[in-house]
Amino acid sequence: MSEDAGAGATGPMQWLPARGEQRGWCLAKLREVAGGPPRFAPPERPRAMQIALELPKVFDDRPGRSLILAAAARAVARFCLDARVAPGGEWNEAYTAWVGSQMRKVARRARGSHWTATETLAGVEAREGEAAARVFVPGPLDAVDPLIQRLQVGGTDAPTDTPQGRADVPSAVILLVDGELEMSAGKAAAQAGHAIMLLLAALDEERVSRWIDDGMPIDARRADREDWAGAKAAVDAGRPGYAGVRDAGYTEVAPGSLTVIGVDPETAKGV
């Protein structure tokens, strides 16, 4: 199970899971936006989901990359499957405007009082081991809340580690990162968040519900060349159980780069 506490509570940064028809709507919306062509042209008023990663000042004190990516991806998944993004929810308008544009994400680093201050904002939190990530209600890039604006976009790197995610949980999904791109941990976290959205869109509701019931287990790791080549071939062939992220190229990587591949071993194995 995830180490998160308070799932389903309504306190600051707590997740309110969508259920029944609301969950069906959330998954249908993800399928709708995932099925469209890549949208690399910037919209008239760009929107973004801001992601805060809790990162100590000292590099060696920071959580490992695998934990950060798993926490960020789970936070994004929670947000997209929150009752408040569904029709009638307080976040629905902002969410639908965001997914209707480019679903851009911006990862920032926070610590101490700056991290604490962000818990007053609208959004959800997720944890994996020592790593914590917060996702905030998306909005225009020219209207970012001051509490988020003061968080640094740069300096989000973290130590490379042996993956410590949920590989031991049978229902875990896998996020493979192309290590040859040498993305910062912050960039990779944003890409992992996008990958989980695309993977959820590719799964049926029963599979997603079991994943949620098990604590949203995620095994995030850097792929070796053999694993990456196999997963990329599966993405290119459109095989069930695979979803790849092609980046718009705003930062760190070239436009169209395949950055993270989401894999559901259950679905892929059943083909």
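The values are calculated or read from the model by the stated rules, or taken from the named source; none is laboratory data. It should be emphasised that the depicted structure is a prediction, and the values quoted were computed from it without experimental measurement. Only protein heavy atoms, including side chains, enter the accessible area calculation; ligands, DNA and RNA are left aside. Shrake-Rupley method; radii C 1.70, N 1.55, O 1.52, S 1.80 Å.
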Which ³J(HN,Hα) values in Hz, rounded to whole numbers, follow from the phi angles of segment 193-205 under the Karplus curve 6.51 cos²θ - 1.76 cosθ + 1.60, where θ = phi - 60° and Gly and Pro get x? x, 5, 4, 5, 4, 5, 5, 4, 5, 8, 9, 7, 5
So for Tyr242, Tyr95, Tyr250, what's the accessible-area order with a 1.4 Å probe, most first? Tyr250, Tyr242, Tyr95
Counting sequence-distant residues (5 or more places) and residues on other chains, those with an amide H built under 5 Å from that of Lys105 are Met49
Give the total of Lys-Lys pairs in the chain with Cα-Cα distances below 24 Å; include a pair only if its members are 8 or more places apart or on different chains. 7
By the gyration tensor of its Cα atoms, with a ≥ b ≥ c the square roots of the eigenvalues, what is the shape of segment 81-173: rounded for a/c under 1.5, prolate for a/b over b/c, or oblate? oblate
In order through segment 230-238: 3J(HN,Hα) via Karplus (6.51 cos²θ - 1.76 cosθ + 1.60), integer Hz, x for Gly, Pro: x, 5, 5, 4, 5, 5, 4, 7, x
From the P(r) of segment 85-126, can you give the percent of Cα pairs sitting at distances over 11 Å? 74 percent
